[in-house]
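Some notes on the structure that comes next.
Values in this text are rule-based calculations from the coordinates and carry no lab data. Owing to the predicted nature of the structure, the values given are computational and were not obtained by experimental measurement. FYI the Cβ positions are ideal-geometry reconstructions off the backbone, even for glycines, and counts take in every protein chain you see.
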């Protein structure tokens, strides 16, 4: 018996050995190495080489950028990476491209070249610009495959050197960036988050050129998480700037300081709207402003008309991404991008005898200041600013339902580069106070055989109102609207049901939006013998801000806000209050929750105010907020007890 077991074990070991050898034979040594080193990754980048050549020729700056990327795929998700594309335009021309996939078999890789490259225009229903994509598919990509991509870009404007990243959402084994520049070219480099990685840098000056080389090996993969701030806030990267070019008799500034960036921006906009304004546009402005009491009221009327009537469509590339279109064209077509909206706003204010200021700004996805990075990568948006009584108004007509005085949420806290023709100012957009983004829920409820029957009034101002307006615009029937409210105004439990509703001030820019509705909640209150148990925490607002404990990145919110709930419970006939919880306040530097209970006549009044007073939470702050919410949620379980007389 013992000999049989030993023989059986020996045979089993041989089978396991041959199976392992056979399995390993299917994959290359580098696959086995990196799949073991990075078991959670779907791929690794074996090589990432970028070489940029910057030359001066007869006063022109010539830039070519060669990119090499070699990837190894570690699991079956390789198939989903088969499709690839490269973007190009009049600013970034593709000079050449070579792509191949490699599959391992019989101890070696076999190459299959990509031969089908399909060029596509970036089209929209309403416009066309010069942005194109080159689309291709890596053939037969699977677990263990490699891809190789090499292409050259010609950068047609010296202000658009690409940012290069030293890490990504996948591991990079070898990463090298080399810049070879003529000595007549002035360069500067802005580094961000490079202290987190071990990067080597060398600079070698020759007779006619200077070489700058960055090298880094075995960078880890960075985790992607929903609702995190932009990857620019944590991925190590370097932004190169061409500051100047030195010619025989003079040095020409390019992008050394903010004034250089502004001078270029202004050169692109200074000649717009030189033609006489469309007579219909003049008549419209006169009609909009004729009965207004002051200049601010005139601006408001023009601003609201533009939001309502000029459809926003993005133009993002080539000089069309920097030069506003003529206001007459925008008025005729009734659509445009952020610059075009700013152009027609500027002209309409001008017709009304008012002065607006074209303004460049970056959205919150861009973490740089103008001083840090005085290049076009610092901003991606244009608005109009208007000053009245020592207050600056940020007019962004690409938004919908934006109240005068309220900036769009995605530019809160950002620097704005404001044009005063030959001068400029940098001013900061304020972060809107939480109390300006208010949702108030007022309920009157009574109990009927364990069911709550009630009527509510929900009021909204600020960004919550704008959000719900944008969503309601897509609903084309009362049935769909009612379904929407059943989900978004839910209280108590999943058996909450709105029976009828009425909307007040819908789509009004300045007034609060009010929804009046009747509702019921089945099986909510519990009666045991002579006692009724009811939880009046119908809206546990604070629970929505609990963050997962294993989160690795900061979390970002669109805006600060305040929720207020007031619920009045009519005490049933024949019952008295036996117990109500004590009033409590929970507070840290970021989140506050105040809950009070009062008996007034034959009613119990419950009042809750929750203030979310932050836009971004780092990991330490997430822990602090979670601890506060844990205490609040424990209190949310408190109930009132009613007892028969």
*Determine the relative contact order of region 32-159: mean sequence separation of Cα pairs under 8 Å and six or more apart, normalised by residue count, in whole percent.*
34
*Please report 258, 453, 299 as a ranked list, fewest other C-beta atoms within 10 angstrom at the top and most at the bottom.*
453, 258, 299
*Pairwise FRET efficiency - residue 230 versus residue 624, Cβ, R0 = 22 Å, nearest 0.05*: 0.40
*If we count other beta carbons within 10 Å of each Cβ, what is the order of 342, 87, 184, fewest first?*
87, 184, 342
_Calculate the FRET efficiency for residue 527 and residue 470 from the Cβ-Cβ distance with a Förster distance of 35 Å, rounded to the nearest 0.05._
0.20
*Could you please rank 350, 627, placing first whichever residue has the fewest other Cβ atoms within 10 Å of its Cβ?*
627, 350
*asked:* If R₀ is 45 angstrom, what is the calculated FRET efficiency for the pair residue 369 and residue 602, using the beta carbon separation as r and rounding to 0.05?
replied: 0.15
*Hey, how many Å between the Cα centroid of region 435-487 and the Cα centroid of region 213-276?*
45
_So if I restrict to the alpha-carbon atoms in region 40-251, what is the Rg, and what is Dmax, the biggest pairwise distance, in Å?_
19.1, 64
*Normalised by the residues of the chain, what does the relative contact order come to in percent, with Cα pairs under 8 Å and at least six apart?*
9
_Report the gain in length on full extension from residue 557 to residue 247: 0.36 nm times residue separation, minus Cα-Cα distance, nm rounded to one decimal._
106.7 nm
*Inter-label distance, nm, simple model (7 Å from Cα along the C-beta direction), residue 283/residue 120*: 4.4
*How far apart, in nm, are the 7 Å Cα→Cβ label points at residue 577 and residue 217?*
7.3
*Okay, which of region 526-547 sit inside 18 Å, backbone N to the point 7 Å along the Cα-Cβ direction of residue 587?*
542
*Counting only C-alpha contacts under 8 Å and six or more residues apart, can you give the relative contact order of region 40-251 as a whole percent?*
25
*So what's the back-of-envelope 222 nm ellipticity for the chain, counting only DSSP H runs of four-plus at -39500 (n - 2.57) apiece and dividing by all residues, rounded to 500?*
-6500 deg cm²/dmol
*Taking volume of the Cα convex hull per residue in Å³ as the quantity of interest, determine which of (i) 280; (ii) 173; (iii) 250 was computed from the displayed structure.*
(iii)
*Within region 488-531: backbone nitrogen closer than 11 Å to the residue 448 label point (7 Å, Cα to C-beta)*: 519-521
*What is the spin-label model distance, in nm, from residue 546 to residue 423 if the labels are put 7 Å beyond Cα along the C-beta direction?*
5.5
